[in-house]
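K.L.:
Structure below; questions to follow.
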Amino acid sequence: MAETRITESARADPRNGPDVLVAGGGLAALCAAIAARRAGASVWMVDAAPEALKGGNARHGRNIRVAHDGPSAFVPDGYPVAEFEADLRRADPGADPALVAPLARDSRDLPRWLTAQGVAFQPRAGDALPYSRRTVFLLGGGTAMVNALARTAGALGVRVLQGTAVEEVAPDGRAVLCGDGGRTEVTAGAVVAGTGGFQANRAWVREAFGSAADGVLNRGTPHADGRLLRALLDLGAAPAGDAAHAHLVAVDARAPADDGGIVTRADGMAWGLVLDRDGCPVRDAAHETGSARYSGWGRLVAGCPGGIAHVILDDAGLARLGRRVYAPRIMPETETLARALALDPATLADTLRREGPPGGPPWHVVSIRPGLTFTGLGVRTDADGRVLDAARAPLPSLFAAGMIMAPAVLGGRYLSGTALTVCAVFGRRAGEAAARHALA
């Protein structure tokens with residue numbers, strides 16, 4: 001286990017753990033650990049991932065949605081708090097109003113606060129970035145952000161335990177840690193759960209999605225197994241969201257089963273013909289062309305037989321697609337394409353003649369599957385991250401931040417860049433509140 005030195009709080013305490021124990025290693029956990037440490041608490045951050053995979057899904061991020069009053073070095077034009085709130089409510093009419101308002105309001109301060117923790121943002125000068133008045137882009141992407149925050153946490157004296165999972169927690173601050181050295185019970189003043197959902201838990205995903213889960217690839221960390229989410233629910237935490245909901249996007253079928261990230265995201269569906277496994281056309285009734293097309297096609301492909309579909313492009317579609325990590329397969333003739341897709345050549349030729357792009361052959365093929373970004377079940381919290389029971393009463397000493405509580409505010413249509421906003425805003429709030437609780 002890789003550790004960084006900790007400076008303990010200067011007061012007598014019978015605990016054998018820290019003032020604040022943070023479970024997880026992604027953006028929410030890092031922000032919680034830094035915020036709690038800056039508030040004067042001793043902090044341990046316990047992460048199931050090894051050092052090489054620290055940072056959770058945040059490693060794959062690239063931009064964060066923030067409210068702001070006008071143009072700056074990082075964003076053009078304005079995106080007021082009220083507009084961010086309205087966007088959140090429109091995307092999910094059932095979003096918890098107690099979380100929507102502080103999320104939008106506190107997002108205004110995120111660029112300043114994250115910059116103070118060592119994070120760098122991409123200036124908008126030139127044509128390097130797509131136009132976005134709602135998000136700021138990370139210089140070096142999510143991995144650079146994670147590395148900067150990890151350096152700051154270490155410099156502040158946060159003790160980091162990599163390759164160690166928090167398996168059980170209790171309202172009195174007790175927690176069971178499991179790592180290479182076996183199981184250890186510690187007692188902390190407060191526990192912050194920042195371990196995300198259950199998208200890497202294949203059995204739970206299949207339980208939630210049924211047979212459709214068999215074709216789903218996990219886009220993010222293989223360590224989001226949901227064990228702490230399950231432990232909190234078993235303790236009586238009120239659930240938020242629905243286990244059968246998830247944020248899916250279409251990804252290249254050649255992507256790895258876990259941790260492929262944003263570079264595996266597929267495109268080109270609007271510029272060609274999409275066929276399911278049996279050769280039937282798959283159509284997007286909404287005709288989405290903005291960023292929502294990725295999640296729309298993720299849902300469509302999840303509903304296809306076998307959870308797979310094939311995007312067929314001509315040369316013009318290929319030119320629009322641009323360079324990809326996974327290059328499309330080239331099929332010089334329709335007969336070659338039929339053999340590759342195990343379809344009847346005559347039927348396929350007729351389908352292409354009626355509905356296919358006009359410029360082929362040759363055909364350029366991208367096979368796609370649904371990629372799971374995060375799951376839709378979490379725990380309910382207040383605005384300071386206190387985990388709530390069914391009566392909306394706090395479970396003592398237990399806090400949560402990030403994607404483990406995000407379904408209460410992101411249960412509908414996903415707004416690009418908002419997952420990182422949830423993690424940073426509520427990670428910071430939960431860390432500060434946990435420190436206040438532990439040091440009271």
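The values are calculated or read from the model by the stated rules, or taken from the named source; none is laboratory data. This one's a predicted model, so the numbers in the text were calculated from it and none came from an experiment. Heads up, the Cβs are rebuilt from the backbone with ideal geometry, glycines too, and the neighbour counts pull from every protein chain shown.
K.L.:
I'd like to check something: does region 299-312 contain any residue that is assigned to a loop (DSSP other than H, G, I, E, B) and over 26 Å from Pro345 (Cα atoms)?
P.N.:
Quick first cut of region 299-312, residues assigned to a loop (DSSP other than H, G, I, E, B) only: 303-304, 308.
Those still in the list that are over 26 Å from Pro345 (Cα atoms) too: none.
The answer is no; no qualifying residue exists.
K.L.:
If you don't mind, there's one more thing I want to ask. Restricting the search to region 138-171, which residues are in a loop (DSSP other than H, G, I, E, B), closer than 21 Å to Gly189 by Cβ and touching a Phe, Trp or Tyr at 6+ places or on another chain (Cβ under 9 Å)? Explain how you work it out, then say what you get.
P.N.:
So in region 138-171, the residues in a loop (DSSP other than H, G, I, E, B) come out as 139-140, 157-158, 163-164, 170-171.
If we keep only those that are closer than 21 Å to Gly189 by Cβ as well, we get 157-158, 164, 170-171.
Of everything in region 138-171, just one residue is in a loop (DSSP other than H, G, I, E, B), closer than 21 Å to Gly189 by Cβ and touching a Phe, Trp or Tyr at 6+ places or on another chain (Cβ under 9 Å), namely Val158.
K.L.:
When both residues are 6+ apart or on different chains and their Cβ atoms are under 6 Å apart, which pairs have a first residue that lies in region 103-129 and is in contact (Cβ under 8 Å) with a residue 40 or more places away in the chain and within 18 Å of Leu149 (Cα to Cα), and a second that is surrounded by 16 or more Cβ atoms within 10 Å (Cβ to Cβ) and polar (S, T, N, Q)?
P.N.:
So the pair list comes out as Ser107/Thr421; Gln117/Thr152.
K.L.:
Okay, moving on. Out of Ala120, Ala116, Ala128, report the one residue that is in the same structural domain as Gly78 (by TED's automatic domain parsing), surrounded by fewer than 19 Cβ atoms within 10 Å (Cβ to Cβ) and under 13 Å from Ile64 (Cβ atoms).
P.N.:
Values: Ala116 fails: under 13 Å from Ile64 (Cβ atoms); Ala128 fails: under 13 Å from Ile64 (Cβ atoms).
It is Ala120.
K.L.:
I need the full set of residues from region 317-340 which are touching a Leu at 6+ places or on another chain (Cβ under 7 Å), in contact (Cβ under 8 Å) with a residue 24 or more places away in the chain and not hydroxyl-bearing (Ser, Thr, Tyr), in order please. Reasoning before the result, please.
P.N.:
Residues of region 317-340 touching a Leu at 6+ places or on another chain (Cβ under 7 Å): 321, 328, 331, 334, 337-338.
After this cut, where a residue has to be in contact (Cβ under 8 Å) with a residue 24 or more places away in the chain as well, the list is 321, 328, 331, 334, 337.
Matches in region 317-340: Leu321, Pro328, Met331, Leu337.
K.L.:
Quick check on my filter: what residues within region 184-216 are buried (at least 23 other Cβ atoms within 10 Å of the Cβ) and either more than 29 Å from Thr143 (Cα to Cα) or under 19 Å from the mean Cα position of the chain (by Cα) (or both)? It would help to see each step written out before you state the result.
P.N.:
Kept after step one, since they are buried (at least 23 other Cβ atoms within 10 Å of the Cβ), are these residues of region 184-216: 188-199, 205, 216.
Across region 184-216, the qualifying residues are Ala188, Gly189, Val192, Ala193, Gly194, Thr195, Gly196, Gly197, Phe198, Gln199, Val205, Val216.
K.L.:
Looking only at region 32-52, which residues are out of contact with any strand residue (DSSP E or B) (no Cβ under 6 Å at 6 or more places or on another chain) and of a type in the set (D, E, K, R)? Give the steps one after another, and end with the answer.
P.N.:
Within region 32-52, the subset out of contact with any strand residue (DSSP E or B) (no Cβ under 6 Å at 6 or more places or on another chain) is 34-35, 38-40, 42, 49, 52.
Correct list: Arg38 only.
K.L.:
Select from region 38-66 the residues that are over 30 Å from Arg133 (Cα atoms) and part of a strand (DSSP E or B) and list them in ascending order.
P.N.:
The answer is Val43, Trp44, Met45, Val46, Asp47.
K.L.:
Restrict the check to region 281-291 and report whether at least one residue is within 19 Å of Asn57 (Cβ to Cβ) and touching a Ser or Thr at 6+ places or on another chain (Cβ under 8 Å).
P.N.:
Checking region 281-291: at least one residue is within 19 Å of Asn57 (Cβ to Cβ) and touching a Ser or Thr at 6+ places or on another chain (Cβ under 8 Å).
K.L.:
May I ask you to list the residues in region 246-275 that are within 12 Å of Thr373 (Cα to Cα) and either surrounded by 21 or more Cβ atoms within 10 Å (Cβ to Cβ) or not assigned by TED's automatic domain parsing to the domain that holds Pro357 (or both)?
P.N.:
Correct list: Ala246, His247, Leu248, Val249, Ala250, Val251, Gly260, Gly261, Thr264, Arg265.
K.L.:
A further question on this structure: Can you tell me which residues in region 320-369 are at pLDDT below 95, assigned to a helix (DSSP H, G or I) and of a type in the set (Gly, Ala, Ser)?
P.N.:
Passing the criteria: none in range.
K.L.:
Among the residues of region 357-396, write down those that are surrounded by 23 or more Cβ atoms within 10 Å (Cβ to Cβ), among the small types (Gly, Ala, Ser) and under 30 Å from Thr334 (Cβ atoms).
P.N.:
Answer for region 357-396, where residues must be surrounded by 23 or more Cβ atoms within 10 Å (Cβ to Cβ), among the small types (Gly, Ala, Ser) and under 30 Å from Thr334 (Cβ atoms): Gly360, Gly371.
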